[in-house]
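Heads up: the structure comes next, in structure tokens.
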Amino acid sequence: MKKPKTILDIGRMKAQQEKISVLTAYDYPFAKLMDSAGIDMILVGDSVGSVVSGYDNTLPVTLEEMIYHTRAVVRGCEEALIITDMPFMSYQVDSRDARINAGRLVKEGGAQAVKLEGGAHVAETIRSIVDIDIPVVGHIGLTPQSIHRMGGFKVQGRQEVQARKILADAKAVEEAGAFAMVLEGIPSELAKEVTQTVSIPTIGIGAGVDCDGQVLVIHDILGLCDKYSPKFVKRYADISEAISQGISDYIREVKAGDFPGPEHSFK
Ligand code: KIV
């Protein structure tokens, strides 16, 4: 009998120094493969905007799109804990909006938790969502929804002042009641300090090996996205090659009249 993971299991993993594995998924087949392989958590990331919808950044992604993708992922999962990103402008204006939108991701999408970007300035919003019993994951450091303020996807926290701010953000996110936080694009030493300071699990992406867990975008690790290739991505397979080969073979056989053969046809 499969047992779905809960936020309590994730908290215990930090306490027992068991590393937490996280990948993004946006659809049923990938979610099913990850769940069967034993992934701990799946993030329905707003990175869907970049790797699936072809936008330059995550800003155009809508709440309706996040609900749609979450539903598909939920149908593919039996054990992994599913977190969905709150897209840009679904929580920034006020806490009431944030609660309504987080509620839709849980009620209509089926997510078990939501993630939102920002530190001390969103602490009150995190608290208000946690207060209606929706678990929250924080996300600090390089926050892609702040691309215009950051002037691009740049490593954050290299200067002492910035590093102190990130540490303060981490504490604020923990105090607001988040059960975990993503640390993105920060120096490894800073990520280590944050991880040792907070009691909730840190999930790193471009934040070194000392985080309590790691998250990557599935399209990046499988070679399905050639738009950009950040230093922190490791390519575990190159399936675009296999896909291109399959498509070319199909086109060639259709043109040559070799497909469909008798075995694919009805009498
Ligand atoms: O949207 C996303 O996929 C994310 C991860 C990269 C952390 O936020």
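The values are calculated or read from the model by the stated rules, or taken from the named source; none is laboratory data. What you are looking at is a predicted structure, and each value in this text was computed from that prediction instead of being measured. Using ideal geometry, Cβ is built from the backbone for each residue, glycine included, and neighbour counts are taken over all protein chains shown. When the accessible area is computed, the model is the full protein with side chains, heavy atoms only, and any ligands, DNA or RNA have been set aside. Shrake-Rupley method; radii C 1.70, N 1.55, O 1.52, S 1.80 Å.
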| said: Which residue is most open to solvent (accessible area, probe 1.4 Å), if the candidates are limited to segment 249-267 and must be on the phi < 0 side of the Ramachandran plot, at pLDDT 95 or above and not in a helix (DSSP H, G or I)? | reply: Phe266
| message | Any residue that is within 14 Å of the ligand (Cβ to nearest atom) and of a type in the set (Gly, Ala, Ser) - is there at least one of those in segment 232-246? | response | no
| Positions within segment 196-215 being open to solvent by less than 10 Å² (accessible area, probe 1.4 Å) and away from the ligand (no atom under 16 Å from the Cβ), in sequence order | Val198
| task | Among the numbered conditions (1) more than 29 Å from Leu8 (Cβ to Cβ); (2) more than 14 Å from the ligand (Cβ to nearest atom); (3) out of contact with any Ser or Thr (no Cβ under 6 Å at 6 or more places or on another chain), tell me where Gly223 comes up short. | result | (3)
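Suppose we filter segment 167-193 for residues that are over 24 Å from Ile134 (Cα atoms) and not hydroxyl-bearing (Ser, Thr, Tyr); how many remain? Reasoning before the result, please.
Taking segment 167-193 first, the residues over 24 Å from Ile134 (Cα atoms) are 167, 185-193.
Restricting the remaining residues to those that are not hydroxyl-bearing (Ser, Thr, Tyr) gives 167, 185-187, 189-193.
Count: 9.
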| field | Any pair with Cβ under 6 angstrom, 6 or more apart, that starts in segment 120-142 at a residue that is of a type in the set (Lys, Arg) and ends at one that is away from the ligand (no atom under 16 Å from the Cβ) | value | Arg127/Ala176; Arg127/Gly177
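For segment 36-52: of the residues being more than 12 Å from the ligand (Cβ to nearest atom) and over 16 Å from Leu222 (Cα atoms), which is least open to solvent (accessible area, probe 1.4 Å)? Reasoning before the result, please.
Going residue by residue through segment 36-52, those that are more than 12 Å from the ligand (Cβ to nearest atom) are 36-40.
Next, only the ones that are over 16 Å from Leu222 (Cα atoms) stay: 36, 38, 40.
Numbers: Ser36: 89, Gly38: 43, Asp40: 14 Å².
Among those residues, the one meeting the criterion is Asp40.
Considering each of Gly141, Gly177, Gly110 in turn, give the residue that is of a type outside the set (Phe, Trp, Tyr) and within 16 Å of the ligand (Cβ to nearest atom). Can you show your working first?
Numbers: Gly177 fails: within 16 Å of the ligand (Cβ to nearest atom); Gly110 fails: within 16 Å of the ligand (Cβ to nearest atom).
When all the criteria are applied, what remains is Gly141.
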| query | Residue check, Arg104 against (1) touching a residue at least 40 places away in the same chain (Cβ under 8 Å); (2) in contact with a Gly (Cβ under 9 Å, 6 or more places away or on another chain); (3) basic (Lys, Arg), all met but one. Which one? | reply | (2)
| request: Would you be able to tell me the number of residues in segment 170-189 that are without any contact (Cβ under 8 Å) to a residue 40 or more places away in the chain and crowded, with 24+ Cβ neighbours inside 10 Å? | output: 0
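Can you find, within segment 25-35, the residue that is surrounded by the fewest Cβ atoms within 10 Å (Cβ to Cβ) among those that are out of contact with any strand residue (DSSP E or B) (no Cβ under 9 Å at 6 or more places or on another chain) and of a type outside the set (Ser, Thr, Tyr)?
Of all residues in segment 25-35, those out of contact with any strand residue (DSSP E or B) (no Cβ under 9 Å at 6 or more places or on another chain) come to 27-29, 32-33.
Now narrow it down to the ones that are of a type outside the set (Ser, Thr, Tyr): 27, 29, 32-33.
Working: Asp27: 17, Pro29: 10, Lys32: 16, Leu33: 14.
Restricting to residues being out of contact with any strand residue (DSSP E or B) (no Cβ under 9 Å at 6 or more places or on another chain) and of a type outside the set (Ser, Thr, Tyr), the top hit is Pro29.
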